[in-house]
Amino acid sequence: MNHGKKYGFTLVELLVVIAVIAILAALLLPALSKSKSRTQTIACLNNLRQLSICWHLYAGDYNDLLVPNDNIAGGTPGPSWCQGTGILETNTAVIESGLLFGYNRSTALYHCPADVSTVVSLSGIQLSQPRNRSYNLSQSVNGDPTAWLATHIPNFSKMSQINEPNPSKCLVFIDENEDTMLDTHFGMPTVNYGNTNQWWDMPSNRHVQGAILSFADSHAEHWRWVVPKIAQSNPMPVTTADRPDYDRVRAIIRQKL
């Protein structure tokens, strides 16, 4: 009785198959990673466009007045577009109590999908809980919560005042570095302050060594940096290599009182 021959893979054939699979994986994984990064960038761009629309709607409802940006580290918080300290907040109540939340009741808008940072306890211990906010509002748009800031850091209080820089070049929201999220206010020195060689707050580095920014005309952009944005101290000195990035951001901040 002939049962026929049984065929199977030889060891060499199995090794060849495994090698081919490994090569295909090596070719596909970078493409998948790049695709994920691109998707996160698109989502972050959309978040800031949506927040900018909320920002515009507020001004439309309040006779051209810009939403207060009145929550700065070391100051006494007042009514503001958002409340809280990004690195500490363990729930979304500080977002929901913000003045912009009523225009779009999605807390997800406040978090960049590429932001994997976690909250820190009051004692400085890193916790496992993801943060709920990645964005801050520029000091240039109604950001004078203290008398000192009002005389040193120029800002616009009305939408119609935005002219230098013009609306398409005036920073509104920014995807901020996770290590400088100490309030809801993105600030940096201006010509009135004197020292223009330090970052107070720093942009993020999450999007292919870049960050997402939105502007007063409601458009958003992906900016790539010359050097990575790593906050090692606060304030952070500006290096020679970092100067082009610093000057680029400074150009979209109001300078003149």
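The values are calculated or read from the model by the stated rules, or taken from the named source; none is laboratory data. Everything numeric here is computed off the predicted structure, so don't read it as measured data. As a convention, Cβ positions derive from the backbone with ideal geometry for all residues, glycine included, and neighbour counts pool all protein chains shown.
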Return the total of residues in the range 52-107 being among the acidic types (Asp, Glu), in contact with a helix residue (DSSP H, G or I) (Cβ under 8 Å, 6 or more places away or on another chain) and not in a loop (DSSP other than H, G, I, E, B). 1
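Only one of Leu122, Leu109, Leu127 is of a type outside the set (Val, Ile, Thr) and surrounded by 13 or more Cβ atoms within 10 Å (Cβ to Cβ); which? First the steps, then the outcome.
Details: Leu122 fails: surrounded by 13 or more Cβ atoms within 10 Å (Cβ to Cβ); Leu127 fails: surrounded by 13 or more Cβ atoms within 10 Å (Cβ to Cβ).
Sole residue among the options that is of a type outside the set (Val, Ile, Thr) and surrounded by 13 or more Cβ atoms within 10 Å (Cβ to Cβ): Leu109.
What residue, of Met181, Met188, is under 21 Å from Asp242 (Cα atoms), touching a helix residue (DSSP H, G or I) at 6+ places or on another chain (Cβ under 8 Å) and buried (at least 19 other Cβ atoms within 10 Å of the Cβ)? Show your work before the answer.
Values: Met181 fails: touching a helix residue (DSSP H, G or I) at 6+ places or on another chain (Cβ under 8 Å).
One residue alone meets the criteria, Met188.
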Hey, could you check the range 160-194 for residues that are closer than 18 Å to Arg248 by Cβ and of a type in the set (Val, Ile, Thr) and say which is farthest from the chain's Cα centre (by Cα)? Val191
Just wondering, is there one or more residues in the range 76-91 that are out of contact with any strand residue (DSSP E or B) (no Cβ under 6 Å at 6 or more places or on another chain), more than 19 Å from Gln139 (Cβ to Cβ) and without any contact (Cβ under 8 Å) to a residue 12 or more places away in the chain? no
Candidates Ser218, Ser214, Ser233 - the one that is part of a loop (DSSP other than H, G, I, E, B), polar (S, T, N, Q) and either modelled with pLDDT of 95 or more or in contact with a Ser or Thr (Cβ under 6 Å, 6 or more places away or on another chain) (or both): Ser218
